[in-house]
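Below is one structure, written out as structure tokens; the observations come after it.
The values are calculated or read from the model by the stated rules, or taken from the named source; none is laboratory data. In this text the structure is predicted, and so the values were computed from the model without any measurement. Here the Cβ positions follow ideal geometry from the backbone for every residue, glycine too, while neighbour counts run over all protein chains shown.
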Amino acid sequence: MPVRLFALLLLPALLLPAAKKPVFATAHGENEDLAITVTLHIDPEDIQQVVGNDLGGHYFVAEVKVEPKYGKDILIDRDDFVLRTDKDGEKATPYSASQIAGSGGLVIQETARTQGIASPGWTDTTVPVVQKANAGGDSALKKLLDGKILPEGKTSKPVSGMLYFPMEKQKMKDLELQYGGRENRISLRFKP
């Protein structure tokens, strides 16, 4: 009887769905001038918790901490970061907040036009139409992203912030983050 009672109490616990594990990984690397620690988030739900917005599921977010060594001045430039995947060769540099939530985007669509055709025998044609995307911009999202982004410039003190990479549908095991130019490059691999 106690075995049956225990089985009855255990059954509901087994039927409950397991809590989803966050999809993120941390990597550390260093060169002669600096040490860098990066936590990469690729799941939109995880990004929602870290950033406060899931960014439409179209971006991966990297929490970056850069620590200069020996009191050296280093120049931090977000364009020195490149996220690559082994799966299909895709690579991305980080976007600024205005590229994600700004008002400068354009959308190009094709539309059919049947009037004003000069050549005989033509009945219709398609022409490109350019429209402004997000004409008002999402200023709240832009402010949120700007407040968390990795600052650029010279520093001799540790700095941290986030980078937003336009990438989706990749597995953590295939991703590599590279930092630096030709010399003193740091490559980070992520293991979930």
Worksheet item: Counting only residues that are exposed (fewer than 14 other Cβ atoms within 10 Å of the Cβ) and over 20 Å from Leu144 (Cβ atoms), how many does the range 44-76 have?
Response: 6
Practice prompt. Please state which of the following conditions His41 fails to meet, knowing it meets all the rest: (1) in contact (Cβ under 8 Å) with a residue 60 or more places away in the chain; (2) buried (at least 17 other Cβ atoms within 10 Å of the Cβ).
Written response: (1)
Practice prompt. Could you tell me which of the residues Ile76, Ile36, Ile47 is at pLDDT below 90, of a type outside the set (Asp, Glu) and under 20 Å from the mean Cα position of the chain (by Cα)?
Written response: Ile47
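Condition check ((1) modelled with pLDDT of 90 or more; (2) farther than 27 Å from Ile47 by Cβ) across all residues:
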residue	(1), (2)
Val127	no, yes
Pro158	yes, no
Tyr164	yes, no
Gln170	no, no
Glu176	yes, no
Gly181	no, yes
Arg189	yes, no
Practice prompt. Collect the residues in the range 162-192 that are within 13 Å of the chain's Cα centre (by Cα) and not charged (D, E, K, R), keeping them in residue-number order.
Written response: Met162, Leu163, Tyr164, Phe165, Pro166, Met167, Gln170, Met172, Leu175, Leu177
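Quick one: in the range 44-77, of everything that is acidic (Asp, Glu) and touching a residue at least 12 places away in the same chain (Cβ under 8 Å), which residue is farthest from Phe190 (Cα to Cα)? Steps first, please.
So the first thing to find is which residues in the range 44-77 are acidic (Asp, Glu), and the list is 45-46, 54, 63, 67, 73, 77.
So of that shortlist, the ones also touching a residue at least 12 places away in the same chain (Cβ under 8 Å) come out as 45-46, 63, 67, 73, 77.
Details: Glu45: 19, Asp46: 16, Glu63: 13, Glu67: 20, Asp73: 28, Asp77: 22 Å.
Among them, the one singled out is Asp73.
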Item to complete: Taking the residues in the range 79-114 that are among the acidic types (Asp, Glu) and at pLDDT below 90 as candidates, determine which candidate is surrounded by the fewest Cβ atoms within 10 Å (Cβ to Cβ).
Response: Asp88
